[in-house]
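What follows is a set of notes on a single structure, which appears directly below.
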Amino acid sequence: MKVSKYKILKYLLLGVIATLLATLLTKKESQKSELVQKRDYPEIIKEGVIRIATEYNTTAFYVVKDTIAGFHYRLVQEFAKLHKLQTEITPIMDFQERLDGLLEGKFDLIAYDLAPTPQLREKVLFTRPLSQSKQILVQRKDSAGQEIRNLLDLAGKTIFVVENSPARLRINNLSDEIADTIYIREIPKYGPEQLLSLVAHGDIDFAVCDESIAMATIDSFPQLDIKTPIGFTQLNSWVVRKSSTQLLDSLNAWIESIYKK
């Protein structure tokens, strides 16, 4: 079957157009990535806005009537006021979503308690520590006083955590330490406070969350026991992109100054 010159030219033209479009899209993505990598303290100051991701809970960021409160919210506002910046704060429950947003340039900073781990250090830069805490086991009080205190007794148990929570790593390490299996179930779209409620009402038996959050909400759940730590006390920090070295320096200088007060 013969193919007319017209059709040959048509296919060639379509091929050229497709190649040009692919090149333009690649260039656009490359420019976008370059802009993300270039956004550091000078670019933030120039725009006058710092974009922040955090979690919605009673220690980080929450709303009471018409008032916004939270430990990390207050600190963010102090830093922004000092540097004459506006804040755009986005509360996100999913840890991985917060991290992806930072790496993709949606956010300049994750203002939430994060413990440095080798895995995270490969991806982000940690500020000087802002707080300290540890992961604790959440369980219901036992009338006979038989709450789990020995971590060996977690063998074969199922522990619930927030989806993509760094607590997974600690539980996996604990499983290795006791040389037995501890099953992990992740719950999406829930925060640690919702996990406490699930344990309190008997929907699940065990959860792991940050001690500071558990302590802040335990008065609402007197039936819960939060006295069993599953790890050592850790220093917690905020994180920025690896390319945001000037922002990191500015944050560190500010953190150092507030601890000298």
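The values are calculated or read from the model by the stated rules, or taken from the named source; none is laboratory data. These numbers come from a predicted model, not from an experiment. Cβ placement follows ideal geometry from the backbone for every residue including glycine, while neighbour counts extend to all protein chains displayed. Side chains are part of the model used for accessible areas, which takes the heavy atoms of the whole protein and leaves out ligands, DNA and RNA. Shrake-Rupley method; radii C 1.70, N 1.55, O 1.52, S 1.80 Å.
The figures follow:
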{"read-out": "Gain on full stretching of the segment that runs from Tyr259 to Gln146 - 0.36 nm per residue minus C-alpha separation", "value": "36.6 nm"}
{"read-out": "Most mobile listed residue (Pro129, Pro188, Pro229) in the chain, GNM with C-alpha springs under 10 Å", "value": "Pro188"}
{"read-out": "Accessible area per residue in Å² at 1.4 Å probe, computed on the chain", "value": "58"}
{"read-out": "Neighbour-limited loop hits for GluC sites (Glu not before Pro), region 100-183 (at most 11 other Cβ within 10 Å; DSSP other than H, G, I, E, B)", "value": "Glu122"}
{"read-out": "For region 87-149, alpha-carbon Rg over 2.2 N^0.38 Å", "value": "1.57"}
{"read-out": "Within the accessible area of the chain (1.4 Å probe), percent carbon and sulfur", "value": "55"}
{"read-out": "Heavy-atom accessible area order for Glu193, Glu186, largest first, 1.4 Å probe", "value": "Glu186, Glu193"}
{"read-out": "Two-site FRET efficiency, Asn252 against Thr67, from Cβ-Cβ distance with R₀ of 25 Å, rounded to 0.05", "value": "0.25"}
{"read-out": "With DNA, RNA and ligands ignored, accessible area of Arg168 (1.4 Å probe; Å², nearest 10)", "value": "80"}
{"read-out": "Selected from Lys84, Lys46, Lys134 as most flexible by GNM, with the chain as the system and alpha-carbon contacts under 10 Å", "value": "Lys46"}
{"read-out": "Chymotrypsin sites (Phe, Trp or Tyr not before Pro) restricted to DSSP loop in region 162-261 with at most 11 other C-beta within 10 Å", "value": "Phe232"}
{"read-out": "Choice from Gly231, Gly145, Gly105 with maximal GNM fluctuation in the chain (Cα, 10 Å cutoff)", "value": "Gly145"}
{"read-out": "Accessible area of Val64 in the full protein assembly, 1.4 Å probe (Å², nearest 10)", "value": "70"}
{"read-out": "Local electrostatic count at Arg185 - Lys and Arg +1, Asp and Glu -1, tallied over other residues with Cβ under 13 Å", "value": "-2"}
{"read-out": "Where trypsin sites (Lys or Arg not before Pro) fall in DSSP loop in region 169-215, at most 13 other Cβ within 10 Å", "value": "Lys189"}
{"read-out": "Where only C-alpha atoms are counted, convex hull volume of the chain per residue in Å³", "value": "220"}
{"read-out": "Whole-Hz ³J(HN,Hα) from phi, Karplus 6.51 cos²θ - 1.76 cosθ + 1.60, for region 39-53, glycine and proline x", "value": "6, 9, 3, x, 5, 5, 4, 4, 6, x, 9, 10, 9, 10, 10"}
{"read-out": "Helical mean residue ellipticity (222 nm; -39500 (n - 2.57) per DSSP H run of 4+; nearest 500) of the chain", "value": "-13000 deg cm²/dmol"}
{"read-out": "Rounded to the nearest 10 Å², the accessible area of Met215 at probe 1.4 Å", "value": "120"}
{"read-out": "Calculated over region 32-140: convex hull of Cα atoms, volume per residue (Å³)", "value": "134"}
